[in-house]
1. With each label point set 7 Å from Cα along the Cα-Cβ vector, what nm distance links ALA263 and VAL17?
2. Taking Cα atoms, how many degrees apart are the long axis of helix 111-125 and the longest axis of the chain, rounded to 10 and kept between 0 and 90?
3. Relative to the Cα centre, what is the charge dipole magnitude of the chain, using +1 at the beta carbon of each Lys and Arg, -1 at the beta carbon of each Asp and Glu, and rounding to the nearest 20 debye?
4. Reported to two decimal places, what Rg/Rh ratio describes the stretch 1-67 when computed on Cα atoms with Rh from the Kirkwood expression?
5. Any idea what angle helix 349-362 forms with the longest principal axis of the chain, computed on alpha-carbon atoms, 0 to 90 degrees, nearest 10?
6. Using R₀ = 22 Å, calculate the FRET efficiency as 1/(1 + (r/R₀)^6) where r is the Cβ-Cβ separation of GLU64 and GLN334; round to 0.05.
7. Would you mind checking the tilt of helix 435-444 against the longest principal axis of the Cα atoms of the chain, expressed as 0 to 90 degrees and rounded to 10?
8. On a full-extension model of 0.36 nm per residue, what is the gain between ALA205 and ALA242, subtracting their alpha-carbon distance, rounded to one decimal in nm?
Amino acid sequence: MLAVSFCLGGALWLSPVPGGLTEEAWRLFAIFISTIFAVITGGAGVLLASILALVVAVLSGTLESTAAYSGFSEGFILLIVVAFLVGRGVVNSGLGSRIGYLLVRSFGRSSLGLAYSMVATDALIAPAFPSNTARSGVLFPIVYALAENNGSHPWEDSRRRIGAYLMMCSMAGLGLSSALWLTAMAANPIGVALVARQGVEITFASWLLASSLPTLCAMLLVPWCLYHWFPPELKQTPEAPAAAAVKLADLGAMSAKEWITLATFATMVIGWALATPLGLDATAIAFLGLAVMMLSGIFTLADIKRSGDALETLIWFAILFTLSSELDRLGFMQFVGDLLGGYVDGLSWPLTYLFLTVLYVLLHYLFVSQSAHLLALFGVFIGISQPEVPLPLMAMTLLLATNFFSVMTPQASSCNGIFVGSGYITASEVYRYGGLSTLLCLVIYLVVGTPWILWVL
């Protein structure tokens, strides 16, 4: 399939450049789409496909080297890697096991119950975190510990025992919790500000009201559907709560390393929550937490040397982020938006609304950043929809979609890198089951969300 991917890219490369696009934009699109095709079809892993894409883009002169390597200096990508290492430190200290046993004691009669507990935990803390990447740094160590404690280990046959399922559910839950709250994702207030220029005011309360019904439905259905689409081998664990209680008793009082880890982790969580209002850098906060763990001996240089998956995540995510950003900079996304305008002429407003919503979601296959997607296409799609489609409905639906489609690809959201890099789920599995989850959410938000939003806004 790798050869097929090369053929696809070559055919697009050699085909005539559409009017309105530069040769560089068209060539970069050919490189990007063939890379995604290779990963989806299993022709190459996401790391190899990304590296090949970068090499072709630079050596062909499609991208200047400074632009091609710019993703490696992005703070949020470094945050992903550091949060991953901190998660390992939480497990090393023993705190991860303790938290895992506590959750199992309360919700551990089934893997489905554990999945719901992860989604609920994320939804409760989300209003204080305008970064889903930061929240993933909070949740990942807990999920990782739960998987390990249940005999499910990364990069082994046992990953499907329960770890892969919990990782997929947690990753999907991050998108849904971001949709539930206005303040749960940085792009949300940006979209609200953009639509406010056209006279539509969306407040914290009105956002929550409009989002509540479809999002809660999605939170109930997505873990249940993934349980059947991507089932864990370990399903029912009726003895687990009692066993976890015994393990907690055996652990005894918290050790000094656990207290240090808890204090460090709590400080990081508070810092991430206050980062935006206080003007703090979330990545620097993560580095500080890692430094404290290293000074305490909780995380060592040996652990870093063993964390090749963190380096792998840094490389492929930085490359795909760069390719997506450069596509936007070269005008490809604006070209797509302008092209769409001609397809909605003469359509009724329900068909226009349906067409634009579905297309807005599908186009996220070309993006790495949700914020970049919103900035590139939100205003364009709002403009195309007017004056036929009710503006509050179109705006709110697109804003919610900007959150729930975060699980459709490994690169669809910055937080995905932590979960894919864990070794529990593969990139191809994310394309399949993340895509199915996105499709499910699209149906829910269209069928349930549309009449609900029309009624409450």
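Rule-based calculations on the coordinates, nothing more; no lab input. Since the structure is predicted, the reported quantities are computational estimates derived from the model, not experimental observations. FYI the Cβ positions are ideal-geometry reconstructions off the backbone, even for glycines, and counts take in every protein chain you see.
1. 6.0 nm
2. So the helix axis and the longest Cα principal axis differ by about 70 degrees.
3. Values: 17 positive and 23 negative charges, 195 e Å.
Approximately 940 debye in magnitude.
4. Rg/Rh: 0.98.
5. 50 degrees
6. 0.60
7. 70 degrees
8. Details: separation 37, 0.36 × 37 = 13.32 nm, distance 4.12 nm.
Length gained between ALA205 and ALA242: 9.2 nm.
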